Amino acid sequence: MKIEANSVEDYLNQVPEERKASFGKLYETVSQNLPSGFQENLSYGMIGWSIPLETYPPGYHCMPNTPLPFINLASQKNFISLYHMGIYAEPDLLHWFVNEYPKHSPRKLDLGKSCIRIKKTDDIPFELIAELCQKMTPQDWITLYEREFIKK
């Protein structure tokens, strides 16, 4: 189930009713805990937070002239997805998150390269996600992104 939305508000309104409260709380958790400098938008059919072109003019190397993505949040058919590029690019951050997760949730962590999949909305580790969001500033992400993804 892909949500076709024209704005973040439109996306939030289309989240299935049974997920709406948890998804909304997760959205607020990310929004309220990211350091300043990230810009909220719709990107890749999801709610996203990125570094705007005004801050990082080169943009995303895979799609030039687009903001540098950092976090995306999506309501998908069988789960909620939280994509965090920092845990994909920074092994120490990934290690921290994997070790902290069992302290915050009785559920097994379902993790892809940058994707945290949440199948059961009753045990979302909101405090841990808030802490994860606070760990990287826009400048930290730009530095890491250039080190890991941009060919010199």
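The values are calculated or read from the model by the stated rules, or taken from the named source; none is laboratory data. These numbers were taken from a predicted model, which means no experiment stands behind them. Using ideal geometry, Cβ is built from the backbone for each residue, glycine included, and neighbour counts are taken over all protein chains shown. In case anyone asks, the SASA skips ligands and DNA or RNA and just uses the protein heavy atoms, side chains included. Shrake-Rupley method; radii C 1.70, N 1.55, O 1.52, S 1.80 Å.
I'd like to know if region 37-47 contains one or more residues that are of a type in the set (A, V, I, L, M), part of a loop (DSSP other than H, G, I, E, B), under 20 Å from Ser7 (Cα atoms) and free of Cβ contacts under 8 Å to residues at least 40 places away in the same chain.
no
Restricting the search to region 4-23, which residues are under 21 Å from Phe70 (Cβ atoms) and either surrounded by fewer than 14 Cβ atoms within 10 Å (Cβ to Cβ) or free of Cβ contacts under 8 Å to residues at least 24 places away in the same chain (or both)?
Once the filter is applied, which keeps residues that are under 21 Å from Phe70 (Cβ atoms) and either surrounded by fewer than 14 Cβ atoms within 10 Å (Cβ to Cβ) or free of Cβ contacts under 8 Å to residues at least 24 places away in the same chain (or both), region 4-23 yields Ser7, Glu9.
Given the conditions (1) open to solvent by 20 Å² or more (accessible area, probe 1.4 Å); (2) within 19 Å of Met46 (Cβ to Cβ); (3) at pLDDT 95 or above, which single one is not true for Lys77?
For Lys77, the exception is condition (3).
I'd like the full set of residues that are part of a helix (DSSP H, G or I) and either under 13 Å from the mean Cα position of the chain (by Cα) or more than 18 Å from Ser81 (Cβ to Cβ) (or both), limited to region 7-29.
The answer is Glu9, Asp10, Asn13, Glu17, Phe23, Leu26, Tyr27, Glu28, Thr29.
Kindly evaluate Gln134 against the criterion of being surrounded by fewer than 17 Cβ atoms within 10 Å (Cβ to Cβ), under 14 Å from the mean Cα position of the chain (by Cα) and in contact (Cβ under 8 Å) with a residue 24 or more places away in the chain.
So Gln134 passes the test.
Return yes when Leu82 is outside any loop (DSSP other than H, G, I, E, B) and in contact with a helix residue (DSSP H, G or I) (Cβ under 6 Å, 6 or more places away or on another chain) and no when it is not.
no
Which one of Ile87, Ile71 is part of a strand (DSSP E or B) and open to solvent by less than 40 Å² (accessible area, probe 1.4 Å)? Even if it seems obvious, please write down each step before you answer.
Values: Ile87 fails: part of a strand (DSSP E or B).
Exactly one residue qualifies, and that residue is Ile71.
For region 54-65, enumerate the residues that are in contact with a Ser or Thr (Cβ under 8 Å, 6 or more places away or on another chain) and either open to solvent by less than 10 Å² (accessible area, probe 1.4 Å) or at pLDDT 95 or above (or both).
The answer is Gly59, and nothing else.
Taking region 90-117 as the search range and keeping residues that are at pLDDT 95 or above and within 13 Å of the chain's Cα centre (by Cα), which one is surrounded by the most Cβ atoms within 10 Å (Cβ to Cβ)?
Ile116
Mind telling me which of the residues Ile71, Ile87 ends up being within 12 Å of the chain's Cα centre (by Cα), under 22 Å from Asp10 (Cα atoms) and touching a residue at least 12 places away in the same chain (Cβ under 8 Å)?
Selected residue: Ile71, the only one of Ile71, Ile87 that is within 12 Å of the chain's Cα centre (by Cα), under 22 Å from Asp10 (Cα atoms) and touching a residue at least 12 places away in the same chain (Cβ under 8 Å).
Name the one entry in Leu34, Leu26, Leu42 that is surrounded by fewer than 18 Cβ atoms within 10 Å (Cβ to Cβ) and aliphatic (A, V, I, L, M).
Testing whether each residue is surrounded by fewer than 18 Cβ atoms within 10 Å (Cβ to Cβ) and aliphatic (A, V, I, L, M) leaves just Leu42.
Out of (1) part of a helix (DSSP H, G or I); (2) closer than 21 Å to Ala5 by Cα; (3) polar (S, T, N, Q), the odd one out for Gln32 is which?
It is condition (2) that Gln32 fails.
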